[in-house]
Every structure is written in structure tokens, then in C-alpha cells.
Amino acid sequence: MKTTEKLDLFGKISMGYLVIESKKIAAWKVFCEAGLGMHCDTDRDDFLAFALDEHRRRLIIKRGPAEDYRAVGYQLASKLELEEIRRRLAAHKIEVAEGSAKEAQERGVTAFWRFEGPKSLAIELFIDAEHRTDPLSMHTSAFVTGNGGMGHMAITSRRPEEMQRFWQEIFDARLSDYIDERIAGVDLDLAFFRLNSRHHSVAIASTRGIQMDPIRSKVQHVNFQVATLEDLSSAFRRLQDLGFEMAHEIGQHPNDKELSFYVFSPSGFEMELGWAPLEVDEATWDVTKYHGMSTWGHKPEKRGMRHFLLTNFTNLTQGTKSLLRSEFNPLVEEK
Ligand SMILES: [Fe+2]
């Protein structure tokens, strides 16, 4: 009997773009262009698009009420990887639909395919991105993308094992490491997964014991990587001067060693800007467990217990509300 070998997708997938829905279009323009230092590609009353590199569009903001992420796009090396993922999704009876030409144009890609991912975040797959013809004009000297993609995202989950299984079974994600942390009496577990040489493309956070989801948005934060320390410190200063509040001032994580800060975006969720995370050497990497999210720094700008409990991983009201909802995971088809 002929057996077909399963194609290994590791290293052939990277985060390609993000679609966010917000009513605060004007504030997002200031936040991304003047604050984070991105290149503004398109600026309309109902639609913004920003570039970080040679791709025409990496971050898209559409006018709408959600104040949340609508979709995350993953770039695949070729049609082979696309077909492999489609086969795996079909085996789990997960429906995939091709995006319209208008939607593809909005995202700056030639075509894409979409399915409903964990927590009902749309996951979109594409191969070819439209490239820019005009030079970048931005405050940041460069963003680091390449094989590792445009950055990483962190997701909170009440079903962390199923969430992890999704990324491992569908995308061949590899475990990089774990961090645990105790915040305001709540034990948090984080697992970091890589899809390529970037230390992690997806981090999954969960509470131990009673599984709560303290985060309102589908994604807790997205990280973008800048090229130099000067890029990081300048963006920090610019964002503060523009009046954006730091969720966590500059600090360093123990696992990827990245120097980073977290700022509240106009939609209320956090975004992380980082510099110099390590890259994984597949030949020598060992999975480690760390205690504590940061080696140093990452302190909130506004201190005090009330503020602490209202924000970030310690949002108890949101956490309690999450107990009343189920969390969608396409592998187990439950809504
Ligand atoms: Fe992060």
C-alpha cells in the first residue's frame, strides 16, 4: 500500500497581516504612524492600512463597532502548504472559504482562504502579498519581519490544551518554552509556540484552577519587532508624548530575552513593541520552564491596586463573565 508522507509545515508559515475593527480611526492613525512609527499606506475615514516592510499592507484597521481583532493572516511558502492545511482542516470538517477579490485587495494579497479559528478569530491563509512600489516613510528605521513574519500574538484561553492542539495539529507549531506567574492571587500559565525561527508566533495564556478568560479581545496582544534599540526607545517616548498609556513600561522577558514595552491601543487592548528577541536554533533548543513573566521591568505606568485589577491579565470582572460562555475551538466543534 502506498503511504503519503505528511508535509512538515514548520518554517513555511509566518504571521502576514492583521485586521482590526474599530470606531477610533483617527486615534489609530496617530497611534500607528506617529506613535509606533509605521508607514501609512492608506488613510480613509473608514479604513487604514499600514506597512512595515516590502509588503504593501501588514496592519489593517476597518471602521466597525468591535474594538477587536477580526482576522489574522498567515503567509504560506507555496501552494503545497496551502493544500496540506486544507487537507488537515477538511479531516476535521472545518470549512474553508475563499475571500472575495475586494477583501484580498484590502489585505494587500492576491488571494486568501479563511476559516473560523479558536475563539472565533478568523484565520486567513495566503501565499502572495502585493509589494510596495513607493519607499517607506516612517519614524522606525525598520521592522524585523522576513522568515519569522511580522511578529507574534498572545491569546488567552479557557481551553488551553485544545488551543495548543489546534496550533500543533494544523500548523505543526513547536513548543519553545513555558512561563508561570502569580498575579493578584491568580496563577497564570503561558506556553510559547513557534512556527518558524522566531522564538514564538503564538503564546497561549490560561489561569490555573478555575479556568477564566480575563481578556475581552480575541487576542491579548500582538508584538511587532523593531530593528534597533533606538527604534524602541524613540517609539516609547513618542507614544508617551502623544498621551498613550503604557500597560507595561520597558522590561525583558526571561525566555526570548526580548526587550519590550506594552502600550494600550486606541481599542483598549495592548500592543507590544520589542527589540532583539533570540532566534531558536533547532539543533540545540531545549524546552524550559521559567517562573515570572519578566526578568526586570514591565511595570505598569499607572500603579495602584484598583488600576491593577482593572487591566491586563487581572481583569476579574471579565474573567468572571467568561465563565458563562463557552469558547469555540474548531477541532472540537463546539460553540
Ligand atoms: Fe509578547
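Of T317, T228, T207, the residue with the greatest mean-square motion in the GNM of the chain, using alpha carbon springs below 10 Å, is T317.
Calculated from the alpha-carbon coordinates, region 149-201 shows an Rg and a Dmax of 11.9, 35 Å respectively.
Along its principal axes, region 220-287 has C-alpha extents of 45, 26, 15 angstrom, given from the largest down.
At the listed q of 0.17 Å⁻¹, the Debye profile of region 148-322, built from one uniform point per Cα, gives log10 I(q)/I(0) equal to -1.12.
Estimated at the nearest 10 Å², the accessible area of H92 is 50 Å² with a 1.4 Å probe. In angstrom, the C-alpha Rg and Dmax of region 13-126 are 14.7, 45. Residues of region 159-176 with the amide nitrogen closer than 18 Å to a label point 7 Å from the Cα of E282, along Cα-to-Cβ, please. Backbone N within reach: 168-176. Hey, what did the chain get for relative contact order, percent, Cα under 8 Å, at least 6 apart? Averaging sequence separation for qualifying contacts and normalising by length gives 18 percent for the chain. Given their separation in residues at 0.36 nm each and the Cα-Cα distance between them, E249 and S326 gain 24.4 nm when the chain is fully extended. Positive contributions from Lys and Arg (+1) and negative ones from Asp and Glu (-1), summed over other residues with Cβ under 9 Å from the Cβ of R174, come out at -1. Rolling a 1.4 angstrom probe over the chain with all protein chains present gives an accessible area of which 52% lies on carbon and sulfur atoms. The GNM of the chain, with springs linking C-alpha atoms under 10 angstrom apart, assigns the highest mean-square fluctuation among E81, E98, E270 to E98. Close amide H partners of V219, meaning residues 5 or more places away or on another chain with modelled amide H under 5 Å apart, are Y69. Over the Cα atoms of the chain, the radius of gyration divided by the Kirkwood radius equals 0.94; this is the Rg/Rh ratio. Computing FRET efficiency as 1/(1 + (r/R0)^6) for K302 and A26, where r is the C-beta to C-beta distance and R0 is 25 Å, gives about 0.55. Of Q225, Q75, Q240, the residue with the greatest mean-square motion in the GNM of the chain, using alpha carbon springs below 10 Å, is Q240.
The K6 and D45 beta-carbon pair, evaluated with R₀ = 45 Å, returns a calculated FRET efficiency of approximately 0.45. Our summary gives region 13-126 a relative contact order of 27 percent, counting only alpha carbon pairs under 8 angstrom and 6 or more residues apart. Each residue, A66 and S294, gets one label point 7 Å from its Cα in the Cβ direction; the gap between the two is 2.9 nm. Phi angles of region 186-200 translate, via the Karplus equation with coefficients 6.51, -1.76, 1.60 and θ = phi - 60°, into HN-Hα couplings of 10, 8, 10, 10, 10, 10, 10, 10, 10, 10, 7, 6, 5, 3, 8 Hz per residue; Gly and Pro are given as x. Taking 0.36 nm per residue of separation and subtracting the Cα-Cα distance, full extension of the segment from E161 to A227 would add 20.4 nm.
The values are calculated or read from the model by the stated rules, or taken from the named source; none is laboratory data. Keep in mind it's a predicted model, so treat the numbers as computed, not measured. Cβ coordinates were reconstructed from backbone atoms using ideal geometry, including for glycine residues, and neighbour counts include every protein chain displayed. All accessible areas refer to the heavy atoms of the entire protein, side chains included, with ligands and DNA or RNA removed. Shrake-Rupley method; radii C 1.70, N 1.55, O 1.52, S 1.80 Å.
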